[in-house]
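Working notes, beginning with the structure itself.
The values are calculated or read from the model by the stated rules, or taken from the named source; none is laboratory data. Quick caveat, the model's predicted, so the values are computed rather than measured. Here Cβ is always computed from backbone atoms with ideal geometry, including for glycine, and neighbour counts include all displayed protein chains. Keep in mind that these areas ignore ligands, DNA and RNA; they rest on the heavy atoms of the full protein, side chains included. Shrake-Rupley method; radii C 1.70, N 1.55, O 1.52, S 1.80 Å.
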Amino acid sequence: MSFQELYPRLWNFFCAYFPDADFDNLTDEAVVARYKADARASEVDRAVAELDRLLADAAQWETAADDANRYFETPAEMRQWLLMVRKELTGSAPPLT
């Protein structure tokens with residue numbers, strides 16, 4: 001399955017909000033805040049649930065970064081970015097599993 005099929009809300013969020021952020025001089029945190037302001041709370045909750053699944057699915061991280069027009073040198077950097085997105089969406093880190 002494709003990233004879009006596995007994580008449809010994240011795919012929409014990443015593709016719609018992040019690619020042009022550099023042109024608009026927005027930080028990634030500001031991009032997340034804009035999405036959070038635009039989306040319904042239930043949609044944000046679903047995106048967070050997908051993000052939690054994605055955090056455990058490292059095979060999809062590079063595709064997620066590509067869709068968001070972000071480049072990371074290491075998987076650890078990518079994971080930190082995903083955790084930042086989650087924290088900005090929810091105000092907290094993911095639960096420990």
Could you list, in sequence order, the residues of the stretch 65-74 that are open to solvent by less than 70 Å² (accessible area, probe 1.4 Å) and either assigned to a loop (DSSP other than H, G, I, E, B) or not charged (D, E, K, R) (or both)? A65, A68, R70, F72, T74
Among the residues in the stretch 18-32, are any surrounded by fewer than 16 Cβ atoms within 10 Å (Cβ to Cβ), touching a residue at least 40 places away in the same chain (Cβ under 8 Å) and in a helix (DSSP H, G or I)? yes
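Which of the following residues is open to solvent by 60 Å² or more (accessible area, probe 1.4 Å) and touching a Lys or Arg at 6+ places or on another chain (Cβ under 9 Å): E88, E62, E77? Walk me through how you get there before you give the answer.
Details: E62 fails: touching a Lys or Arg at 6+ places or on another chain (Cβ under 9 Å); E77 fails: touching a Lys or Arg at 6+ places or on another chain (Cβ under 9 Å).
Only one candidate qualifies: E88.
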Tally the residues that are open to solvent by less than 40 Å² (accessible area, probe 1.4 Å) and among the hydrophobic types (A, V, I, L, M, F, W, C), restricting the search to the stretch 33-55. 7
